[in-house]
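Only one structure is covered here, and it is reproduced in the block below.
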Amino acid sequence: MRHAEGPPGLPADPSALAEALVAAQRWDAALAATTTALAGAPHDPRLLALLVRCLRALGRRDEAVDVARRLLSVAPDDPHALRLGALVVLDMGWVDEAIGLATRAVLVDPHNAANHLALSRVWAASRRPGAVAHQLAAAREAVLLDPHSPDARLQIGAALAANGEVAAARAAYREALRLDPSSAPARNNLAVLALQAGAHRDAARHLAAALAVDAQDRIALRNLDALAVAALRRAGWWLLVAPLPALLAAAAGWPSAARVLAAAALLGVPALLVAWWHGLTPGQRHQVRGVPGRVRLRRWVWPALAAVLGGTGLATALLAPGEVTGETLRGYLWVLVVVVVVRLLVASSRPTWRTELAARWTRLAGGRDRDDEGG
């Protein structure tokens with residue numbers, strides 16, 4: 001009697017089959033094959049590690065933690081087991097425990113770049129003082145041990161970006177792209193830097209390249225949503241500032257000029273959004289159409305508030321310029337100052353505010369996000 005040999009092109013041995021399915025990232029099939037193989041060898045650390053990877057990929061975090069603990073009890077000094085354990089507990093948000101496991105992996109095998117890379121990743125999630133310095137040091141050690149590792153370059157870039165060194169971070173991401181031209185994470189990180197700098201076209205270009213590699217890349221799709229929200233915020237700022245010339249003309253007693261300026265400002269908002277829209281690819285436009293159903297309601301507060309305030313100012317200058325006085329203009333200026341201060345306070349409360357500020361300053365100072373081919 002012939003035995004079933006499994007899917008064509010895959011080995012019949014349960015252990016080898018599990019490894020092949022994990023390598024192919026066929027996670028459901030890999031989980032079934034690994035479970036079958038473990039039934040005959042329940043303490044095999046290699047199979048337990050495969051099971052951890054399957055459970056992580058499928059988002060079954062609690063089960064992954066249990067299996068990782070089994071793995072560490074079987075192989076407490078195996079660097080691979082320690083690295084996996086660090087990533088699993090990091091998924092749960094247990095950052096200090098993750099740092100401890102990754103540090104042990106480095107101590108056990110300090111000449112393995114993967115151990116230093118895992119340590120860099122867990123430090124990236126820490127809010128301890130000096131965490132960024134530890135992240136950067138571990139990533140640089142990984143590069144010394146493996147100069148061709150794009151992942152290590154990505155970690156260096158992330159640490160430099162968190163430290164506000166935007167130009168150096170961009171260079172690290174470009175080096176990751178040179179080492180792996182299909183690296184979606186590098187493209188995503190370049191898009192984030194461009195978005196933080198207010199360079200929306202560059203951000204859209206990098207996201208298009210990332211989605212060309214994987215059209216279902218969740219990070220790229222989430223960044224595309226952030227790009228759409230950023231465009232609305234920019235339109236909000238335009239609406240808020242746009243009434244000032246028209247109100248100034250109206251307060252000076254030039255009603256015709258006020259109407260012309262208000263009409264031009266009203267046309268500027270749709271022109272801004274249309275230009276941004278045409279800068280997207282067809283696939284990006286399809287994704288952006290679904291943004292209202294995915295973005296949290298609080299993200300719409302600022303564009304809505306700006307639309308109400310700016311729209312009121314423009315409508316007044318357009319329809320009743322004779323009613324605008326110096327007092328009206330001063331009142332609008334005070335409202336504008338209050339809104340700007342509140343927005344600055346909100347922005348400074350974000351963990352990435354230093355990077356955002358440095359990115360915008362670099363752009364204003366003449367830094368350009370050139371094509372990775374050197375264009």
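The values are calculated or read from the model by the stated rules, or taken from the named source; none is laboratory data. All of these numbers come straight from a predicted model, not from anything done at the bench. Backbone-built Cβ (ideal geometry, glycine too); neighbour counts: all protein chains shown. Ligands, DNA and RNA are stripped out before the accessible areas are found, and what is left, the full protein with its side chains, is counted by its heavy atoms. Shrake-Rupley method; radii C 1.70, N 1.55, O 1.52, S 1.80 Å.
Considering (1) at pLDDT 95 or above; (2) assigned to a loop (DSSP other than H, G, I, E, B), the lone condition that A172 does not fulfil carries the number (2).
Take the conditions (1) buried (at least 16 other Cβ atoms within 10 Å of the Cβ); (2) modelled with pLDDT of 75 or more; (3) outside any loop (DSSP other than H, G, I, E, B); R363 misses just one of them, which is (2).
Exactly one residue among D214, D180 is among the charged types (D, E, K, R), open to solvent by less than 60 Å² (accessible area, probe 1.4 Å) and more than 14 Å from the chain's Cα centre (by Cα), and that residue is D180. Given the structure, is A246 surrounded by fewer than 17 Cβ atoms within 10 Å (Cβ to Cβ) and hydrophobic (A, V, I, L, M, F, W, C)? When the stated conditions are applied, A246 does not pass them.
Between a residue in region 127-151 that is under 17 Å from A114 (Cβ atoms) and any residue that is of a type in the set (S, T, Y), which pairs come within a Cβ distance under 7 Å, given they are 6 or more apart or on different chains? So the pair list comes out as Q135/S120; A138/S120; A139/S120; A142/S120; A142/S149; V143/S149; P150/S183. The residue list W94, W123 contains one member that is within 28 Å of L177 (Cβ to Cβ) and either modelled with pLDDT under 95 or out of contact with any Asp or Glu (no Cβ under 9 Å at 6 or more places or on another chain) (or both), which is W123.
Out of the residues in region 75-103 that are closer than 16 Å to A125 by Cβ and part of a loop (DSSP other than H, G, I, E, B), which is most open to solvent (accessible area, probe 1.4 Å)? By that ranking, first place goes to W94. Of everything in region 298-350 that is open to solvent by 50 Å² or more (accessible area, probe 1.4 Å) and aromatic (F, W, Y), the residue that is modelled with the highest pLDDT is W334.
Residues satisfying the criterion are present in region 125-141 (criterion: at positive phi and open to solvent by less than 50 Å² (accessible area, probe 1.4 Å)).
Conditions tested, residue by residue: (1) under 36 Å from the mean Cα position of the chain (by Cα); (2) farther than 26 Å from A194 by Cα.
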residue	(1), (2)
A235	yes, no
P255	no, yes
L266	yes, yes
G293	yes, no
A304	yes, no
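Does A265 qualify as being open to solvent by less than 40 Å² (accessible area, probe 1.4 Å) and over 30 Å from D202 (Cα atoms)? When the stated conditions are applied, A265 does not pass them. Out of region 214-261, which residues are over 30 Å from R299 (Cα atoms) and among the β-branched types (V, I, T)? Passing the criteria: only V260. The single condition among (1) of a type in the set (A, V, I, L, M); (2) open to solvent by 50 Å² or more (accessible area, probe 1.4 Å); (3) touching an Asp or Glu at 6+ places or on another chain (Cβ under 6 Å) that A32 does not meet is (3). Filtered by the rule that a residue be free of Cβ contacts under 8 Å to residues at least 40 places away in the same chain and outside any helix (DSSP H, G or I), region 312-357 gives A320, S349, R350, P351. A single entry from L193, L154, L119 fulfils the requirement of being of a type in the set (A, V, I, L, M, F, W, C), crowded, with 24+ Cβ neighbours inside 10 Å and closer than 21 Å to R350 by Cα: L193.
A102 fulfils the conditions (1) closer than 26 Å to L190 by Cα; (2) at pLDDT 95 or above except for a single criterion, (1). Could you please find all residues in region 47-62 being buried (at least 17 other Cβ atoms within 10 Å of the Cβ) and either within 23 Å of R104 (Cβ to Cβ) or basic (K, R) (or both)? Once the filter is applied, which keeps residues that are buried (at least 17 other Cβ atoms within 10 Å of the Cβ) and either within 23 Å of R104 (Cβ to Cβ) or basic (K, R) (or both), region 47-62 yields L47, L48, A49, L50, L51, V52, R53, L55, R56.
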